[in-house]
Amino acid sequence: MVKVRNLSNGIPVVIENMDYLRTVSFGVWVRVGSAFENVENNGMSHFLEHMFFKGTNKRSAKNLADDMAVIGGNLNAATTKEYTSFYVTTLDEHINAAIDIVSDMLISSRFDEDDFEREKSVILEEIMMYDDSPEDVVHERLQQTVWKNHPLGFLISGEADVVKGFTRDSLVDFYKTHYVADNMIISVAGKINEEKLMESLERGFGKVNGGSNRFFLTTPEYNKSMYVEEKDIEQVHMNLAFPGTTVNSDKKYAFAVANSILGGSDNSRLFQHIREEMGMTYSIYSYDSPYLRSGLSHIDVVLNPSNLEAVFDGILSVIREYRCDGMSDEELSMTKTQIKSELLIANESSRTHMESNGKSMMYRGEPLDLREVIDKISAVSREDVTRSIQEFFNLGQMSASLVGNVNVSGKKYIESFI
């Protein structure tokens with residue numbers, strides 16, 4: 001059973017007691033990411049995530065690592081476009097210690113000037129590493145292009161020239177603005193003594209200021225576009241994008257089924273046609289990028305430059321056939337069973353429950369029961385899937401991104417469809 005309680009300063013705490021486990025997963029979700037930034041501070045959310053691990057008023061960076069190692073916890077963090085999360089899984093007997101460590105990081109980090117400058121160098125290296133990674137560039141630059149001049153298209157890590165100009169004072173100001181109780185959610189799942197847990201969370205997070213400035217996200221305009229970046233590598237990474245679902249849309253369930261049939265697994269139409277029948281790629285799949293106010297549907301493929309036009313034509317033919325003929329009852333039933341099986345298997349761990357509850361609370365304001373998700377997947381009809389593939393894989397709205405050894409003829413050919 002999942003319940004929601006609140007700390008004295010209003011921070012919601014999502015609690016799911018799984019008393020058959022020995023582990024507890026604990027996470028803090030903060031409503032801040034690149035979508036909440038502007039041109040001048042893009043990358044600050046990601047920079048802050050790094051700085052929380054550099055030491056507090058009572059723990060050095062090594063002390064933080066040592067204290068977490070002692071309790072066997074695996075502490076990690078992630079910055080996305082719309083939130084930053086900090087999470088740890090440990091034994092139930094160590095949950096109080098884990099809460100003390102994470103709250104110390106998020107409330108009492110010292111943001112030392114020397115640490116700040118060293119970490120800036122590390123982050124600039126990380127940005128260069130991403131720039132050298134075509135699988136990252138092809139996705140991120142496409143989103144940046146179709147959502148041009150809107151924060152949802154910003155790079156999570158920020159642009160190097162902007163990050164170079166960050167100062168410790170600007171980072172502290174950003175922290176004070178966004179790391180407030182109004183922007184935080186805590187999610188805990190596993191073997192829990194609820195009252196002791198709440199006491200520990202109150203000690204750790206009850207002192208966080210409430211905050212008064214709530215930042216609201218706006219809806220970006222989709223700009224059909226094409227991005228090409230030449231890289232001296234053997235292959236071409238191609239990503240196609242279409243306007244997609246939002247994270248809270250009821251259309252996401254039909255999309256999940258439609259996407260799985262199209263390119264969500266090894267038995268999907270794209271994989272079977274492009275890889276198995278044509279033998280022209282090792283990796284091809286489709287996926288979605290849903291956000292609060294907008295979203296994209298993607299198709300990603302890695303291929304030999306000489307196969308670019310043939311693979312592109314193959315992808316279009318699969319989509320056209322799917323849009324025209326739909327799917328069989330057998331294909332629909334098999335896909336829904338496959339999705340439900342994957343959801344149930346993934347739901348076996350305390351961390352999965354913690355993450356699901358945290359994200360749902362962040363986006364919906366309430367936890368989402370897995371049984372509700374299963375029921376909604378079960379209710380998806382052929383007509384629902386047909387509408388989904390028509391809406392979210394509309395070739396007239398297609399954008400493209402190409403990174404790698406792109407030949408001129410292939411580029412011009414794809415450009416003619418955009």
Checklist line | Reach of K251 by Cα under 17 Å, taken over aspartates and glutamates that are not fewer than 8 positions away in the same chain | finding: D288, E372, D375, E383, D384, E391
Next item on the list: Grab every C-alpha pair in the stretch 1-51, bin the distances at 5 angstrom width from 0 up to the longest one, and report whole percents.
Entry: 4, 14, 17, 16, 13, 16, 11, 6, 2, 1
Checklist line | Subset of K207/K340; K81/K164; K3/K54; K3/K340; K196/K340 violating a 30 Å alpha-carbon distance limit | finding: K207/K340; K3/K54; K196/K340
Check: the chain: longest stretch without exposed GluC sites (Glu not before Pro) (DSSP loop, at most 12 other Cβ within 10 Å), sites themselves excluded?
Finding: 41-220
Next item on the list: Using a cut-off of under 19 Å, list every residue of the stretch 30-54 whose amide N is near the label point 7 Å from the Cα of T177 along the Cα-to-beta-carbon line.
Entry: 30-52
Margin query: With the cut-off at 1.5 for a/c, could you classify the stretch 334-418 from its C-alpha gyration tensor as rounded, prolate or oblate?
Written below: prolate
Notebook entry, point to check: So, with +1 on the Cβ of K and R and -1 on the Cβ of D and E, and no other charges, what is the size of the charge dipole of the stretch 2-205 about its Cα centre, to the nearest 20 debye?
Noted result: 460 debye
Margin query: Please compute the length gained on full extension between C324 and E230, using 0.36 nm multiplied by the number of residues separating them and subtracting their Cα-Cα distance.
Written below: 30.3 nm
Check: For the stretch 175-230, what percent of Cα pairs sit more than 15 Å apart?
Finding: 68 percent
Checklist line | Kirkwood estimate for the stretch 287-326, i.e. one over the average of 1/r between Cα atoms, Å | finding: 12.1 Å
Item checked: Simple spin-label estimate for R203 and D169 in nanometres, 7 Å along Cα-Cβ -> 3.8 nm
Check: Which value results when the Cα radius of gyration for the stretch 68-181 is divided by 2.2 N^0.38 Å?
Finding: 1.26
Check: Once you treat every alpha carbon in the stretch 2-205 as an equal point and sum by Debye, what is log10 I(q)/I(0) at q = 0.11, 0.14, 0.19 Å⁻¹?
Finding: -0.55, -0.86, -1.32
Next item on the list: Using only Cα atoms, find the angle between the long axis of helix 113-131 and the longest principal axis of the chain, and express it within 0 to 90 degrees, rounded to the nearest 10.
Entry: 10 degrees
Item checked: Positive-end extreme of charge dipole, the chain - chosen from G365, V24, G396 (charges on Cβ) -> G365
Item checked: Diffusion coefficient, µm² s⁻¹, Stokes-Einstein with Kirkwood Rh over alpha-carbon pairs of the stretch 81-140 at 37 °C and 0.692 mPa s -> 222 µm²/s
Checklist line | Global size of the chain as Cα Rg and Dmax, reported in angstrom | finding: 22.8, 66
Check: Which residue, chosen from Y285, S378, V301, occupies the Cα position most advanced towards the positive end of the dipole of the stretch 226-415, where the dipole is computed from +1 (Lys, Arg) and -1 (Asp, Glu) charges on Cβ about the Cα centre?
Finding: S378
Notebook entry, point to check: Cα-based Rg (one decimal) and Dmax (whole number) for the stretch 45-128, in Å?
Noted result: 13.2, 41
Margin query: Given the DSSP H assignment, sum -39500 (n - 2.57) over each helix run of at least 4 residues in the chain and divide by its residue total; what's the result at 222 nm in deg cm²/dmol, nearest 500?
Written below: -13500 deg cm²/dmol
Check: How big is Rg to Rh over the stretch 226-415, alpha-carbon atoms, Rh as the Kirkwood inverse-mean-distance radius?
Finding: 1.00
Note to self: Within 10 Å of each candidate Cβ there may be at most 11 other Cβ atoms; applying that plus a DSSP loop requirement, which chymotrypsin sites (Phe, Trp or Tyr not before Pro) in the stretch 1-85 survive?
What the structure shows: Y20
Next item on the list: Would you please state which residues of the stretch 264-287 a label at N76 would reach in this model, taking the label point 7 Å out along Cα→Cβ and a backbone N cut-off of under 15 Å?
Entry: none
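A short reminder: the numbers here are calculations on the coordinates, not readings from a lab. Here the structure is a predicted model, which means the values were calculated and not measured. When we count neighbours, we look across all protein chains shown, and the Cβ atoms used for this are built from the backbone with ideal geometry, even at glycine.
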